[in-house]
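The values are calculated or read from the model by the stated rules, or taken from the named source; none is laboratory data. Not measured: the values here are computed from a predicted model. In this analysis, Cβ positions are derived from the backbone assuming ideal geometry, glycine residues included, and neighbour counts consider all displayed protein chains. Keep in mind that these areas ignore ligands, DNA and RNA; they rest on the heavy atoms of the full protein, side chains included. Shrake-Rupley method; radii C 1.70, N 1.55, O 1.52, S 1.80 Å.
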Amino acid sequence: MMRHWSNALFFLITGACTFVGLGLLLAILAAITFKGLSSLSWDFLFKPMKEAGASGGVFYNIIGTVILIGTALIVSSPLAFALALLQQVYLKKRSLRRALTLFLYLINGIPSILFGLFGLTVFVQFFDWGKSWLTGGIVLGLMILPTMAVAISERIHAIPQAYFETAAGLGLRPAQIVWSIFIPYSLNGWLSGSLLGLARAAGETAPIMFTATVFSGATVPDGVQESPVLSLPYHIFILAQESYNPQMIPNLWASAFVLVAMVMVLSLFSLPWRKRAFEAKR
Amino acid sequence: MKLEEPVTDKSGANLTTSKPVLEVDSLSIFAGGRPLLQRISFSIAVHEVFGIIGPSGVGKTTLLRTLNRLLELDSELSVTGDIRFHGKSNFAGGTDVDALRAKIGMIFQQPVVFPTTVYKNVIFGLRHVTPLPKKQYPEVVEQALKEVSLWNQVKERLHESAEHLSLGQQQRLCLARTLAVDPEVILMDEPTSALDTQSTQAIEQLIYRLKETRTIVLVTHNLAQAKRLTHRVAALTAKDNIGRLAHLGPIHEWTEEGA
C-alpha cells in the first residue's frame, strides 16, 4: 500500500513540476506571440528604425544579428571540428579525453558577460578595432564553441568503429580517414550543434553590447575597425529600458517576437538532425 | 625460413619452393602486460590458403589483425616477436603501415558497407590509395565486381544504396572493394559466419578462385570449411587463458591427432 502511495506521490510531483515548467515557458511564448504579432507588419521587418525605436522597423537589426551569428558560425566551425577530432581521434589517453571534455564543459559554464569582457579587452582595446561586427562574431563563436564541439564529438563517437577499421584496413592514411569518414559522417552533429549554439548566440546581449553592437546609426558594415552593427537583442534591451514610454511598447514586443521566431526556426531545424544523430548511435 | 609442410596447388606444383609471403616469428601479443597469445610461428606461401582455427576467444582474430598491424588501432595491445612480409619486418623503423595495409587487405566478420552507393563503396579505397586516374575507375569497378561474381546482380544499380543489398552481396561487395586496391594478401576474419548457406557457398567459391591470384589467410571456426578451403592451418588452443599454437600443417593431420 505504502509503495502504491509513494509511486502516486512521485508521479504527482513530477507531473506538477512539468506543468509549472512548461506552463511558464508557454506563457512567455504566448505573451510574446500575442503582443508581438499584433504590432508586426512587413514594414516593421523591412524598414529601418526611426525615432529611437518608437517607430519604423528592425531591418538593420535583423541584418546585424544575421551577420553576428553567421560570423560566429564561421569562427567556431573549424575550431569545433578540430576539438572534436582531437578528443575522439587523436587523443589516445582516456585521461586526456576526459580533461578535454571537462574543459569544454567549463567553457560552456562561463557567464556570457565574461566573453564580452574578453572581447572588449583583446579586440576592442588591445587590437584597437573599436566596436566591430567581427569582434562580436568571434566572441559569440567562442561562446558557442563547446556546444558545437560536444555535438560533433558525440556524432564522431557514434560513427561505427567498423568504418574506421575498414578504411584503415584498405590502407587509408589517418588524414584520409578523417576526411573521408569522420568529417562527412559527423556533419549531422555539426549542423545540430551549430543551430543550437546559434539559437543561443542570437539571443545574447551581454557579449556584444560593448564589443559589437550599437542602438542606432549603423547599417551594413564596410570594414572591420569601428564597424558596429545593430542587433535584435540589444535593441530589445534598450527598448525595455525605455518601456516607461508607451510609444516604445508595440515595437518592443514585435522585436521580441522576431527574435524568438529566429531562435525557434534555428532550433526547429536542428531537431531532426539531432534525432538522426541519436538514431545512428543506437 | 622453410614451410613446415609441403603445399601444392591444384596442378600439384609445390608452393613452398617459393619464398614465403608472410612469416610470423615467435609472435606474442599482450593486453596491458597480460599475454593473450604466446610464441606463435608459421610461414605462409604465395597463393596459399592458410587457415587459423581454434575455439572462440583463443585469439584467432587478434592474430589475424596483427598480420597487417591493424591491431595497433587498439592502443592497449602490444606485440613482441616479428612478422615479415616478403622478408622485410613489418615492425622495422620507417615501415609505411598504411601502404602495408593496402598490400595486406582485410575482410571482416560482418560486412561493412558505407551508407553510400555500390559504386562509391567499391572505389572507396581505390581513390585514396592508388594513383589511378578517375576515368579508369568504372573499368576497375566492373573488374572487381566481376571478380566477386556480383557484376550481373548490381550493374543496373551501381548508383543505388549498397545498404539495400543482401548480407551475402554486401560481403562480396566488401571483397570487391578490397580487390580494387589490388592487395597481395587478403585476411579474412570468419567471412561467412554472418551469412546463410547459399551466400557461404558463393564466398567459398570466391576464395577457391581467388587463391589462383592471391594469398589468403582465413580465420574460421568451421572445420568443414577449413577442410574444404585451406592448404594448411595454424590450430590455436588456450592453456592458462593464453593462446598457443597446437598444430601447424594440413588440417586432416590435426583432426586425426584428435586435438
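Here are the numbers for the structure shown:
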{"quantity": "Extension reserve of the residue A:117-residue A:161 stretch, reckoned as 0.36 nm per residue once the Cα distance is removed", "calculated": "11.6 nm"}
{"quantity": "Computed over chain A, Kirkwood Rh from alpha-carbon pairs, angstrom", "calculated": "21.1"}
{"quantity": "Chain lengthening between residue A:2 and residue A:52 when straightened (0.36 nm per residue, less Cα-Cα)", "calculated": "11.6 nm"}
{"quantity": "Cubic angstrom per residue, convex hull over Cα atoms of the protein assembly as shown", "calculated": "245"}
{"quantity": "Within the protein assembly as shown, percent of DSSP bridges classed antiparallel, to nearest 5", "calculated": "60"}
{"quantity": "Set of lysines with alpha-carbon distance to residue B:155 below 16 Å, sequence-local pairs under 8 removed", "calculated": "B:120, B:146"}
{"quantity": "Number of partner chain Cβ atoms within 10 Å, mean per residue of A:170-180", "calculated": "6"}
{"quantity": "Reciprocal mean inverse distance between Cα atoms of segment B:200-254 - Kirkwood radius, Å", "calculated": "12.3"}
{"quantity": "Lysine pairs within segment A:39-281, Cα separation less than 29 Å, 8 or more sequence positions apart or different chains", "calculated": "5"}
{"quantity": "Estimated vicinal HN-Hα couplings, Hz - segment B:154-167 in sequence order (Karplus 6.51, -1.76, 1.60; Gly, Pro = x)", "calculated": "10, 4, 8, 10, 4, 9, 9, 5, 6, 6, 7, 6, 5, 4"}
{"quantity": "Protection proxy ranking, peptides A:127-140, A:104-117, average beta carbon neighbours within 10 Å, highest first", "calculated": "A:127-140, A:104-117"}
{"quantity": "Nearest 10 degrees, 0 to 90: helix A:248-281 Cα axis against chain A principal axis", "calculated": "10"}
{"quantity": "Ranked by how many other beta carbons lie within 10 Å on average, peptides A:173-179, B:61-67 from highest", "calculated": "B:61-67, A:173-179"}
{"quantity": "Kirkwood-type radius of segment A:6-57, with distances r between different C-alpha atoms, in Å", "calculated": "14.0"}
{"quantity": "Principal-axis tilt of helix A:232-241 within chain A, Cα atoms, nearest 10 degrees", "calculated": "40"}
{"quantity": "Amide H within-cut-off set for residue B:187, under 5 Å, with H built and near neighbours excluded", "calculated": "B:105, B:106, B:107, B:217"}
{"quantity": "Candidate lysines - alpha carbon under 20 Å from residue B:88, same-chain residues fewer than 8 apart omitted", "calculated": "B:2, B:19, B:103"}
{"quantity": "For B:110-117, mean number of other protein chain Cβ atoms within 10 Å", "calculated": "4"}
{"quantity": "Fraction of accessible area attributable to carbon and sulfur, segment A:39-281 (%, probe 1.4 Å)", "calculated": "69"}
{"quantity": "Of every Cα-Cα pair in segment A:115-158, the percent that sits beyond 16 Å", "calculated": "44"}
{"quantity": "Estimated FRET transfer efficiency when R0 is 22 angstrom, pair residue B:56-residue B:252 (beta carbons, to 0.05)", "calculated": "0.45"}
{"quantity": "Taking the C-alpha atoms of segment B:15-129, convex hull volume expressed per residue in Å³", "calculated": "142"}
{"quantity": "Base-10 log of normalised Debye intensity for chain B (one unit scatterer per alpha-carbon) at q = 0.08, 0.12, 0.13 Å⁻¹", "calculated": "-0.31, -0.71, -0.84"}
{"quantity": "For the protein assembly as shown, size of Cβ-based charge dipole, Lys and Arg +1, Asp and Glu -1, in debye", "calculated": "340"}
{"quantity": "Cα centroid separation, segment A:20-51 to segment B:209-232 (Å)", "calculated": "72"}
{"quantity": "Within the accessible area of chain B (1.4 Å probe), percent carbon and sulfur", "calculated": "48"}
{"quantity": "Contact surface B-A: accessible area buried, both sides summed, square angstrom, 1.4 angstrom probe", "calculated": "1800"}
{"quantity": "Average accessible area per residue (Å²) across the protein assembly as shown - probe 1.4 Å, nucleic acids and ligands excluded", "calculated": "49"}
{"quantity": "Other protein chain Cβ atoms within 10 Å, averaged over every residue that makes up A:159-167", "calculated": "5"}
{"quantity": "At most 10 other Cβ within 10 Å, DSSP loop - trypsin sites (Lys or Arg not before Pro), segment A:62-126", "calculated": "A:92, A:93"}
{"quantity": "Label-to-label distance, nm, for residues given as residue A:210 and residue A:28 (7 Å Cα→Cβ offset)", "calculated": "2.6"}
